[in-house]
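Written below as structure tokens is the structure these notes are about.
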Amino acid sequence: MTAQPVFALTPGEPAGIGPDLCLLLAGQAQPHPFVAIASLALLGERALQRALNVELIPVGPGQWPKKAAPAGSLYVWDTPLRAPVSAGQLDAANAAYVLETLTRAGQGCLAGDFAGMITAPVHKGVINDAGIAFSGHTEFLADLTGTEQVVMMLATRGLRVALVTTHLPLREVADAITAERLTRVTRILHADLRDKFGIVRPRILVCGLNPHAGEGGHLGREEIQVIEPTLEQLRAEGIDLIGPLPADTLFTPKHLEQCDAVLAMYHDQGLPVLKYKGFGAAVNVTLGLPIIRTSVDHGTALDLAGSGRIDSGSLAVALETAYQMAEASVARR
């Protein structure tokens, strides 16, 4: 029997809900094997705390699974904690553990051991409290893989939204919308929709920056001076772009049913719509990496860790999306 592609799953912050999510997923049959890169002891303790009957199966380099684990079991690449964990209580001593799980997953993807990686949420603050400069999964994986430019895209069923700028104060957004940045982001979005999602000719809707997309320059000139000329140059490369369109009317069925993704100029222009449509069933995809990486659309939820009151929907969608992207990437070769 031909071995199936194996995926890496990192539970993120050990005091958060990531370990619970892994254990919940273990109760469901999967089409492909995935390996939780985590502490066996932590998962065992959390399973006992939750009264979950999950068989933890140790695996590791040279011993990767060849088929999906049976429902009720979970493959685990044991990664030792640096300090004991209590659900809901952060400890900076385990920051290095979190980064070790991400490093193992990322390097495993680069080496071809894993077809993709799926990440549960980390707590940026406690990693920084440990004296480690860390601004998020995306930047960490860009450094790990030697990638200059990455693009954040969130997706739910029926809608994909990518961002030209991400975590910037609004006061800085307009200055950050340059022809160079818009060109890089659009090319990455187009290439990954084609190569990782299997869309032969992606059609992308582009938001304007200003209300009414600037209204002919009366409400701002970024569209006239930067966005429109850049889109024209990209169209000349064969990229199918519609816009810039006013964001308040772009997110309507009339427009969305004709596109494969929306390119928003800033974080809160595009993501509130997507999260309203699909919160709890959305996925964060990092575009531009040489590997496949998907993640949940929520935080660590420390108050829910170990409580049994969690929903694994977003992690399930992240896993499903990684499977689909890996299949599309193989078909594209």
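The values are calculated or read from the model by the stated rules, or taken from the named source; none is laboratory data. These numbers come from a predicted model, not from an experiment. With ideal geometry, Cβ positions are generated from the backbone for all residues, glycine too; neighbour counts draw on all protein chains shown. These area figures cover heavy atoms from the full protein model, side chains too; ligands, DNA and RNA do not enter into them. Shrake-Rupley method; radii C 1.70, N 1.55, O 1.52, S 1.80 Å.
For the reader, a short list of remarks on this structure follows.
- Taking strands (runs of 3 or more DSSP E) as the structural unit, those lying wholly within the stretch 236-333 and holding at least 2 residues that are touching a residue at least 60 places away in the same chain (Cβ under 8 Å) and either among the aromatic types (Phe, Trp, Tyr) or outside the structural domain of residue 168 (by the TED database) (or both) correspond to 283-287, 293-296.
- Test: residue in the stretch 174-192 that is open to solvent by 10 Å² or more (accessible area, probe 1.4 Å), under 27 Å from residue 280 (Cβ atoms), out of contact with any Leu (no Cβ under 6 Å at 6 or more places or on another chain) and not basic (Lys, Arg): no
- Residues located in the stretch 277-323, provided they are among the charged types (D, E, K, R) and closer than 30 Å to residue 111 by Cβ: 293, 297, 320
- Per the conditions (1) assigned to a helix (DSSP H, G or I); (2) of a type in the set (Val, Ile, Thr); (3) open to solvent by 20 Å² or more (accessible area, probe 1.4 Å), the sole criterion not satisfied by residue 230 is (3).
- Candidates 202, 244, 169 - the one that is farther than 23 Å from residue 268 by Cβ and not aliphatic (A, V, I, L, M): 202
- Considered as a group, the residues in the stretch 1-25 that are among the polar types (S, T, N, Q) and open to solvent by 10 Å² or more (accessible area, probe 1.4 Å) include one that is farthest from the chain's Cα centre (by Cα), and that residue is 2.
- In the stretch 233-245, of all residues being closer than 16 Å to residue 177 by Cβ and not aliphatic (A, V, I, L, M), the one that is most open to solvent (accessible area, probe 1.4 Å) corresponds to 233.
- Members of the stretch 253-308 found to be over 18 Å from the mean Cα position of the chain (by Cα) and farther than 23 Å from residue 240 by Cα, listed by number: 302, 303, 304, 305, 306, 307, 308
- Strands (runs of 3 or more DSSP E) within the stretch 2-92 that include 3 or more residues closer than 19 Å to residue 102 by Cα and modelled with pLDDT of 95 or more: 7-10, 34-38, 73-78
- Check on residue 223, touching a residue at least 12 places away in the same chain (Cβ under 8 Å), charged (D, E, K, R), under 25 Å from residue 172 (Cα atoms) and open to solvent by less than 50 Å² (accessible area, probe 1.4 Å): yes
- Looking only at residues in the stretch 160-169 that are at pLDDT below 95 and not polar (S, T, N, Q), the one that is surrounded by the most Cβ atoms within 10 Å (Cβ to Cβ) is 168.
- Pick from the stretch 26-84, criterion open to solvent by 30 Å² or more (accessible area, probe 1.4 Å) and touching a Lys or Arg at 6+ places or on another chain (Cβ under 9 Å), ranking: nearest to residue 313 (Cα to Cα): 52
- Every residue from the stretch 104-135 that is assigned to a loop (DSSP other than H, G, I, E, B) and surrounded by fewer than 16 Cβ atoms within 10 Å (Cβ to Cβ): 112, 131, 132, 133, 135
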